[in-house]
Amino acid sequence: MATATATTSSAVPATAFLRRQGANGGANRSLRWARNQHQRWSPRRSGAAVITAKFDLKPPPYPQDALEPHMSQNTMSFHWGKHHRAYVDNLNKQIVGTELQGKSLEDVMIRTYNKGDLLPPFNNAAQVWNHDFFWDSMKPGGGGKPSGELLKAIERDFGSFEKFSEEFRSAAATQFGSGWAWLVYTVNPRPSDGKELLVLKTPNAVNPLVLGYTALLTIDVWEHAYYLDYQNRRPDYISIFMEKLVSWDAVSAKLEVAKSRVA
Amino acid sequence: MALRTIVSRKTLAALGSGLRAEARLAASRGLVTFSLPDLPYDYGALEPAISAEIMQLHHQKHHQTYVTNYNKALEQLEDAMAKGDALAVVKLQSAIKFNGGGHINHSIFWKNLSPIREGGGEPPKGSLGWAIDTDLGSMEALVQRMNAEGAALQGSGWVWLGLDKDFKKLVVETTANQDPLVTKGANLVPLIGIDVWEHAYYLQYKNVKPDYLKNIWKVINWKYASEVYEKECH
């Protein structure tokens, strides 16, 4: 079994890995479509199945201007159209011809996390995953409070929704430098207090998946996520995210999936 | 332009006097606190390399916040030390590194920059220019290396031209977040630091960090770097 060797250059020597994946040599269709979009993402057309060994830039599940005025279209055009796209493109370049090509994104992430001794593709792989997750964490007309099982679980583990909200906002505000704040579900309740839901904050590209948790909700606190709309005012951005953007439906669905796996 | 100068100076003076009052109070208890240093040029003086909007936010908001939070952390530290609370002292270390580092790094950064009409961008003459050629190949090689390392830095941090004062050699280094250069080596003296946190360039250059790095060299203050170098290498 080939072991991935850590290199400092972006080109990974093919000799370091076992075999080449047979790959579709043609351009990835969804990337080509997404290149010239302004008002809308370019949705993937259904058509002949194309076997591709590359990762796609997935569009968020709403139009680019749908989160206005809380998260501007201007921000979305850069955040999704430039930052997220670059992570996808650079990841594909990094893994082509290596044993990572053809593996799932989660697989690539966990392998390159390498128990904390990060390998070069980790940053791109994890950031692709994190941003996919981030767009899903929001919706037009979002915010408000969760309901049903999710609300019960939050009240059980945090005391109240307000206390959870306070802890989540604080984590997002105090993650120094670049990073993310998360609500996660842990399959093994925390021994000290039996909690299944936890708030975490992570630096740069690190996410709960590589730490062994199930992610339910995230907020991006890299400066590029909020600087155009809020400049240095990260706390304002966090407040608006909680009040106007969070998709509790998405969070509930993720909790349900997580619990059904355990049952 | 002149009006903006007056307004900005007044604001700075107000900030300064407010902080000086705090400093006096704290000093009476023996604690030295810090204040936001004035910029040696107007916010718009580095255009078009760095916009006035960025300079103002960067100085008045970001750097000021580091100063404010550093002072807060130092007060809490003094308290914890007086109480002999070892755990509290240790827990405060990250806040001190973040905010103290932020204050230190940005104080250097403002001196690393200078308007073109005041010599910004002019390559160093004298011993530093010579050392760059000897230790790093050439000015072009230095710029290319710092730009490459700055572009490759993931997350937030700084890229530095430093002097190893033990070996009297120039080095290029990066640090994460607000870690000062000494965290990479106790004998390293910062000559030029380039802030590659997104707040340093985003409003103007957006995601195109390489363009920011290409343009900042037009306003790099080599006079200051030379002074620091010559002081260490006399």
- Using the Cα atoms as the points, what is the convex hull volume per residue of the range A:114-169 in Å³? 134 Å³
- Pop a pseudo-label 7 angstrom from the Cα along the beta-carbon direction at both residue A:73 and residue A:263 and give the gap in nm to one decimal. 4.2 nm
- Note on the structure: Computed over the Cα atoms of the range B:116-233, the Rg and Dmax in Å are 13.8, 40
- Query: So what are the radius of gyration and Dmax for the Cα set of chain B, in Å?
  - Reply: 18.6, 54
- Item | aspartates and glutamates whose Cα lies under 16 Å from that of residue A:54, excluding same-chain neighbours fewer than 8 positions away | A:89, A:99, A:106, A:107, A:132
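What ranking do A:119-129, A:214-224 get when scored by the average of other Cβ atoms within 10 Å per residue, highest first? Please report the intermediate quantities before stating the final value.
Working: A:119-129: 24.5, A:214-224: 22.6.
Most protected by this proxy first, the peptides run A:119-129, A:214-224.
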- Task: Report the local net charge at residue A:179: Lys and Arg +1, Asp and Glu -1, summed over other residues whose C-beta lies under 14 Å from its C-beta.
- Result: -1
- Query: Taking the alpha-carbon centroid of each part, what is the distance from the range A:124-183 to the range B:149-216 in angstrom?
  - Reply: 32 Å
- Using Cα positions and a limit of under 26 Å, work out the lysines in reach of residue A:195, with same-chain residues fewer than 8 apart set aside. A:115, A:145, A:152, A:163, A:254, A:259, B:91
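Just so you know, all these numbers are worked out from the coordinates, no wet-lab data involved. Everything quoted here is computed from the prediction, not taken from an experiment. Glycine also receives a Cβ, built like all others from the backbone with ideal geometry; neighbour counts cover every protein chain displayed.
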